[in-house]
Amino acid sequence: MTIIRSLLLFALAALAEIGGAWLVWQGYRENRGVLWIAGGILALGAYGFVATFQPDPSFGRVLAAYGGVFVAGSLGWGMLIDKFRPDRYDIIGAAVCLVGVAVIMYAPRTH
């Protein structure tokens with residue numbers, strides 16, 4: 001159950017951070033306005049809180065692992081929202097990152 005909770009929190013964090021960055025991008029780069037930017041800032045702030053709910057007590061470990069989730073999630077966001085088509089190297093890179101997440105977060109440890 002702890003791993004499932006952790007994975008769900010990583011997914012929620014990715015949604016908040018990637019979505020927040022996308023909203024800021026849309027507000028500024030695509031001239032959609034200050035409300036888009038404000039929504040992005042709020043979402044980015046929410047991301048900071050979501051990470052604190054991870055069951056692992058190590059800030060460095062959680063954020064390092066989240067980096068891999070961010071890589072894969074960013075490609076997924078691009079595919080769903082911006083119709084980006086990743087090539088095989090994007091897919092391979094994201095898979096390597098997700099393997100890294102699994103090793104960092106879920107490898108058996110003796111504390």
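Bear in mind that the values in this text are calculations on the coordinates, not laboratory data. Values in this document were obtained by computation on a predicted structure and should not be read as measured data. Cβ atoms come from the backbone with ideal geometry, glycine included; neighbour counts cover every protein chain shown.
Phi-derived couplings, Karplus 6.51 cos²θ - 1.76 cosθ + 1.60 at θ = phi - 60°, listed residue by residue for segment 64-80: 5, 5, 4, x, x, 5, 4, 4, 5, x, 5, 5, x, 4, x, 5, 6 Hz, with x used for Gly and Pro.
In this simple spin-label approximation, ARG32 and ILE81 carry label points 7 Å from Cα along the Cα→Cβ vector, and these lie 0.7 nm apart.
Divided by 2.2 N^0.38 Å, where N counts the residues, the Cα radius of gyration of segment 2-106 comes to 1.12. Per residue, the chain reaches -27500 deg cm²/dmol at 222 nm when only DSSP H runs of four or more residues are counted, each adding -39500 (n - 2.57). Distance from a point 7 Å along Cα→Cβ of VAL103 to each backbone N in segment 54-73: keep the residues under 16 Å and list them by number. Output list for this probe position: 61-62, 64-69. A simple packing score, the average count of other Cβ atoms within 10 Å per residue, orders the peptides 81-87, 101-107, 65-71 as 65-71, 101-107, 81-87, with the highest score first.
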